[in-house]
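See below for the structure under consideration.
The values are calculated or read from the model by the stated rules, or taken from the named source; none is laboratory data. In this text, all values refer to a predicted model and were calculated from it rather than measured experimentally. We place every Cβ from the backbone using ideal geometry, glycine too, and count neighbours over all the protein chains shown.
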Ligand SMILES: Nc1ncnc2c1ncn2[C@@H]1O[C@H](COP(=O)(O)OP(=O)(O)OP(=O)(O)O)[C@@H](O)[C@H]1O
Ligand SMILES: [Mg+2]
């Protein structure tokens, strides 16, 4: 169907058109010239009238003008050129002649555009829901993905759709589940595998364990004692002499404190206080993070199962625990995949993994230097070569480490209203035009812009609604209050009844 004609100057990237019918933003159009069929996307639309212009100051004038001018209006829009449909969507070398006819792209053509190798269906076009939007799984994983939107706009729903679709392919994901949203989830195409957030200290690096103990970097004497005691405790645990790593660690420090040399006058009392400080700090560590260190578990990587959604439940963990677990898993995954690619057979990860990081702005924050951020950015930069993909999920793009975000070549962006967030997203993605950016505040729940290598063209989509089970849906707060109140009433009634039956006077 022809909807209008190009007007004004056309360029290789975009042009304006004028129309009498109202197409939708995000809709695809085609135009034929020089024997080519060029695909474009409507990025902006305005609806105006020459006679009803901005210089009218009295509403009654509008009625008078309408009576004279009748149906005087125009629809003007801007189209971004996406490429030649007959030539692999290559951008044409000559601009369209002014006045070129613009047609709405038909369904068959669009279906072809969204046919990809190893397709993952995330939804349908906003403008034509019966056109499925598929993304290329290999490109999504190796070139990483960011799912960005304000809270409640549908990020976790999108994550669930992606997990469920990947499970069809024996896809292997590790989800860092910051709010225990996925732990009781149910997917149609595969199973969950829960990985408990516990690490055997023998697999931890010194810097990971150091992160859990509150020794400031300037306190080098405390650090020295801790390091020495740590080395001995690790060796004993490794050799199987002890199952209680922290007790051995504390025991060593206590033995030193009680030792003859230490009791002698030659050692300064300040030194003695320092060792006591370390003992106290190890005790704090034990109280706060003891649950995280478990000498009975194996290497956490060996718990990752092929073809399953592997969920690391971090819902009850504080940020420090989450940071240590995430960096531990990512650091070892990268090491393991590197040695696998270099033909070493004794490695844990013999298959590619897609890591999904919810609350990415906490685990890879812009302004703080923490270990999880270091390893997230390493995977973002190097993961591609080793079959490690990263999916960063966040409601606060402006607070995410820009280096990691800019490595996410693919983006699914829903409603974002804060200008700073919008700007960050745009600077991280070369595929998001200024005009598409302007659409971000007007997207509804579940609607999103998809850009990047995993799709051939930028797309405005309605993400499918996940039909399986997951927590984290909006609560019916009023309903819960009412139910609590009803339960209370029932209880009081029962208590009264019991009292009466016992002959009491309530
Ligand atoms: N594609 C969709 N189709 C229909 N409904 C949706 C869609 N996406 C999300 N919703 C609805 O919106 C609610 C919130 O979605 P979701 O939990 O995915 O948001 P979120 O962006 O992850 O929020 P948060 O930032 O709080 O984690 C869901 O409970 C669901 O009811
Ligand atoms: Mg969510």
Review point. How many of the residues in region 282-303 are within 16 Å of residue 173 (Cα to Cα) and in contact with a helix residue (DSSP H, G or I) (Cβ under 8 Å, 6 or more places away or on another chain)?
Key: 2
Exercise for review: Output the number of the condition that residue 133 fails; it satisfies all remaining conditions of (1) within 13 Å of ligand 1 (Cβ to nearest atom); (2) assigned by TED's automatic domain parsing to the domain that holds residue 321.
Suggested key: (2)
Exercise for review: Evaluate region 258-273: report whether one residue or more is in contact (Cβ under 8 Å) with a residue 40 or more places away in the chain and either assigned to a loop (DSSP other than H, G, I, E, B) or farther than 27 Å from residue 316 by Cα (or both).
Suggested key: yes
Review point. When region 274-293 is examined, which residues are found to be touching a residue at least 60 places away in the same chain (Cβ under 8 Å) and over 15 Å from residue 230 (Cα atoms)?
Key: 284, 288, 289, 291, 292
Check your understanding: If you check 174, 183, which single one turns out to be under 20 Å from the mean Cα position of the chain (by Cα), assigned to a strand (DSSP E or B) and either away from ligand 1 (no atom under 12 Å from the Cβ) or over 30 Å from residue 286 (Cβ atoms) (or both)?
Key -> 174
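Would you mind listing the helices (runs of 4 or more DSSP H) fully within region 339-433 where at least 1 residues are more than 13 Å from the chain's Cα centre (by Cα)?
371-386, 402-407, 419-428
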Exercise for review: Looking for whichever is without any contact (Cβ under 8 Å) to a residue 60 or more places away in the chain and out of contact with any strand residue (DSSP E or B) (no Cβ under 9 Å at 6 or more places or on another chain) here; the options are 71, 118, 86, 130. Which one fits?
Suggested key: 71
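Here is a check on your reading of the model: is residue 421 in contact with a helix residue (DSSP H, G or I) (Cβ under 9 Å, 6 or more places away or on another chain), away from ligand 1 (no atom under 16 Å from the Cβ) and over 21 Å from residue 455 (Cβ atoms)? Steps first, please.
Numbers: in contact with a helix residue (DSSP H, G or I) (Cβ under 9 Å, 6 or more places away or on another chain): yes; away from ligand 1 (no atom under 16 Å from the Cβ): no; over 21 Å from residue 455 (Cβ atoms): yes.
No; evaluated as a whole, the condition is false for this residue.
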Review point. Of the residues that make up region 354-361, is at least one more than 17 Å from residue 312 (Cα to Cα) and modelled with pLDDT of 95 or more?
Key: yes
**Study point:** Scan of region 409-424 for residues that are buried (at least 23 other Cβ atoms within 10 Å of the Cβ) and away from ligand 2 (no atom under 14 Å from the Cβ), ordered by number
**Key:** 410, 411, 413, 416
